[in-house]
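Worksheet: one structure, shown below.
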Amino acid sequence: MVQDVRFLDAGETALVVEFGTSVDPQINDRVLALDDALTKRALEGVRETVPTYRSLMIHYEPLVIDRDALVRAVREIDKGTAHAHAAESLWTIPCCYDPEMGEDIGTVAQMTGLTPERVVALHTGATYRVYMYGFAPGFCYLGGVPSELAVSRRSTPRHPHPANTVMLGGGLTLVSTFSMPTGWWLLGRTPERMFALERDPVFLVGVGDALRFEAIDRATFEAIDARAAAGEIVAKRDSLR
């Protein structure tokens with residue numbers, strides 16, 4: 001539920017505009033709408049904005065614009081902004097659910113009372129919302145997981161897994177960008193690089209975009225992975241605007 005806006009300080013040069021306390025599309029719409037409006041306004045003194053599930057952090061230069069003036073400007077912009085946010089793109093990300101790449105599919109199936117095939121069907125059948133980036137570069141959190149797959153994260157972290165692993169847990173799904181220990185369940189792996197410093201764009205998908213996964217077999221994965229390693233974007237993008 002969208003609540004009254006709160007203004008919280010994050011040090012002396014950042015203001016957090018908080019719209020709610022839960023992961024909710026309406027709240028996130030309002031965050032992204034304000035982010036878009038601030039970007040277009042190009043308010044003098046605003047250095048950077050960072051959207052999250054439920055808030056927007058605004059980094060500013062207090063010698064150019066003080067806190068009170070920034071709060072007044074944000075209130076004015078938010079009041080005059082439509083709070084709906086339409087996704088710009090629908091991304092289709094190839095994913096191999098081979099047992100060697102998705103070693104936890106069997107465990108997720110046991111936890112949910114589903115077959116492994118049904119777990120894959122549900123995961124590929126949903127359209128996800130790119131809520132935010134966080135934790136690591138390119139690490140984007142995807143909401144919209146089917147209720148049948150709403151499992152908690154692991155109680156203890158596992159050893160590092162390969163980059164580009166597709167994971168599940170806590171009502172979210174995401175794609176890792178580096179090899180790291182994790183408390184998520186491993187469902188598969190994509191050949192796509194969600195984050196690549198040598199590529200333009202460095203971050204593949206935009207916050208607020210829609211995303212789905214498309215199942216591919218091991219042979220297709222290996223063929224596409226070679227192309228992605230050479231810098232090709234292998235995901236499909238459909239414009240929604």
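Some notes on this structure:
- With contacts taken as Cα pairs under 8 Å at a separation of at least 6 residues, the range 35-171 carries a relative contact order of 16 percent.
- Counting neighbouring beta carbons within 10 Å and listing from fewest to most, the residues L174, L240 come out as L240, L174.
- Amide H contacts under 5 Å for F178: N164, restricted to partners 5 or more places along the chain or on a different chain, H placed in the peptide plane at 1.01 Å from N.
- Helix-only mean residue ellipticity at 222 nm for the chain, each DSSP H run of n ≥ 4 adding -39500 (n - 2.57), per residue, nearest 500: -7500 deg cm²/dmol
- Placing pseudo-labels 7 Å out from each Cα toward the beta carbon at A37 and E222 gives an inter-label distance of 5.4 nm.
- The range 6-79 - charge dipole about Cα centre, Lys and Arg +1 at Cβ, Asp and Glu -1, debye rounded to 20: 180
- Magnitude of the charge dipole for the range 98-241, about its Cα centre and with charges confined to Cβ atoms of Lys, Arg (+1) and Asp, Glu (-1), is about 400 debye.
- Ranked list, fewest to most other Cβ atoms within 10 Å of each Cβ, for V17, V120: V120, V17
- Residues whose amide H lies under 5 Å from that of M57, counting only those 5 or more places away or on a different chain, are V17, V50, T52; hydrogens are built 1.01 Å from N in the peptide plane.
- Residue among V108, V202, V130 with the largest mean-square fluctuation in a Gaussian network model of the chain, springs linking Cα atoms under 10 Å: V202
- The phi torsions of the range 66-75, fed into the Karplus equation with coefficients 6.51, -1.76 and 1.60 and a -60° offset, translate into couplings of 7, 4, 4, 5, 5, 4, 4, 5, 5, 4 Hz, rounded to whole numbers, with Gly and Pro shown as x.
- When only the Cβ of Lys, Arg, Asp and Glu is charged (+1, +1, -1, -1), the dipole of the chain relative to its Cα centre reaches about 260 debye.
- Global geometry of the range 128-219, whether rounded, prolate or oblate, following the gyration tensor of its Cα atoms and the 1.5 cut on a/c: rounded
- Here the range 6-79 is described by how far its Cα atoms reach on the three principal axes: 35, 25, 18 Å, from widest to narrowest.
- Selected from A230, A126, A33 as most flexible by GNM, with the chain as the system and alpha-carbon contacts under 10 Å: A230
- Amide H contacts under 5 Å for L187: V166, M167, L168, restricted to partners 5 or more places along the chain or on a different chain, H placed in the peptide plane at 1.01 Å from N.
- Karplus-derived HN-Hα couplings along the range 179-193 (A = 6.51, B = -1.76, C = 1.60, θ = phi - 60°), whole Hz, x at Gly and Pro: 6, 7, x, 8, x, 8, 8, 8, 9, x, 9, 10, x, 5, 9
- Put in order of Cβ neighbour count within 10 Å, fewest first, the listed residues E214, E100 become E100, E214.
- When semi-axes √(5λ) of the Cα gyration tensor in Å is calculated for this entry, the matching label among [x] 35, 19, 16; [y] 31, 18, 17; [z] 24, 21, 20 is [x].
- Of the residues A230, P157, I27, the one whose Cα sits farthest towards the positive end of the charge dipole of the chain is I27 (charges of +1 on Lys and Arg Cβ, -1 on Asp and Glu Cβ, taken about the Cα centre).
Taken together, the values in this text are just the output of simple stated rules run on the coordinates, not laboratory data. Please read these numbers as outputs of a predicted model, since none were measured by experiment. Neighbour counts run over all protein chains shown; Cβ positions are idealised from the backbone, glycine included.
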